[in-house]
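Reading through the structure tokens given below for one structure.
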Amino acid sequence: MPTPIRLKKIADRIKDDLSEMLLYEIDDPRLLGVTVTDVTVDRELYYASIYVSAPEGRERSAEVLEGLENASGYIRYSLSQTIELRSFPKLRFYWDPTPENADRVEFLLKQIQDEREQNENKTGTKQDDQAAEA
């Protein structure tokens, strides 16, 4: 059984090689703009869980996952040619909502900041008006 460090190296290598494949080799229009966000490999090297996202968000998730499932045989074969393992793990694809959630949190924080600035401006304007009257 591989060490945790070895598992991490294998996962990182799968992530890097798959990202390159999505950019340069795979011509499926369903997979345009897809980003590999994370890869985990189980201790027995039986499964590699691959997490992906796309700029368009959850609307494309079904389309992207279907495209990856259709190309999984080619992807697994290509990866097995570049990553030397006794047996290459089976690939499982999952949608990663983390980038969408991060965008939502950033939007909310920006909204709060804008509201604070507006409140400060209103308060500052009232104080200025009161100072001018005095």
- Note on the structure: Checking I14, I50 in turn, the sole residue that is under 16 Å from the mean Cα position of the chain (by Cα) and farther than 19 Å from T98 by Cα turns out to be I14
- Message: Just to be sure before I move on: is I26 in the same structural domain as R58 (by TED's automatic domain parsing), assigned to a helix (DSSP H, G or I), touching a residue at least 24 places away in the same chain (Cβ under 8 Å) and surrounded by 16 or more Cβ atoms within 10 Å (Cβ to Cβ) in the structure I sent?
- Response: no
- Message: I'd like the full set of residues that are surrounded by fewer than 19 Cβ atoms within 10 Å (Cβ to Cβ), under 21 Å from P89 (Cα atoms) and in contact with an Asp or Glu (Cβ under 8 Å, 6 or more places away or on another chain), limited to the range 50-74.
- Response: Y51, N70
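Residue-wise test of (1) loosely packed, with under 10 Cβ neighbours inside 10 Å; (2) touching a helix residue (DSSP H, G or I) at 6+ places or on another chain (Cβ under 9 Å); (3) among the charged types (D, E, K, R).
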| site | (1), (2), (3) |
| --- | --- |
| R76 | no, no, yes |
| E84 | yes, no, yes |
| P89 | no, yes, no |
| W95 | no, yes, no |
| P99 | no, yes, no |
| R104 | no, no, yes |
| K110 | no, no, yes |
| D114 | no, no, yes |
| K122 | no, no, yes |
- Item | Condition met for S78 (out of contact with any strand residue (DSSP E or B) (no Cβ under 9 Å at 6 or more places or on another chain), modelled with pLDDT of 85 or more and within 24 Å of T35 (Cα to Cα)) | yes
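The values are calculated or read from the model by the stated rules, or taken from the named source; none is laboratory data. The structure presented is a predicted model; accordingly, all values stated were derived computationally and were not measured. Note that each Cβ is placed from the backbone with ideal geometry, even for glycine, and that neighbours are counted across all protein chains shown.
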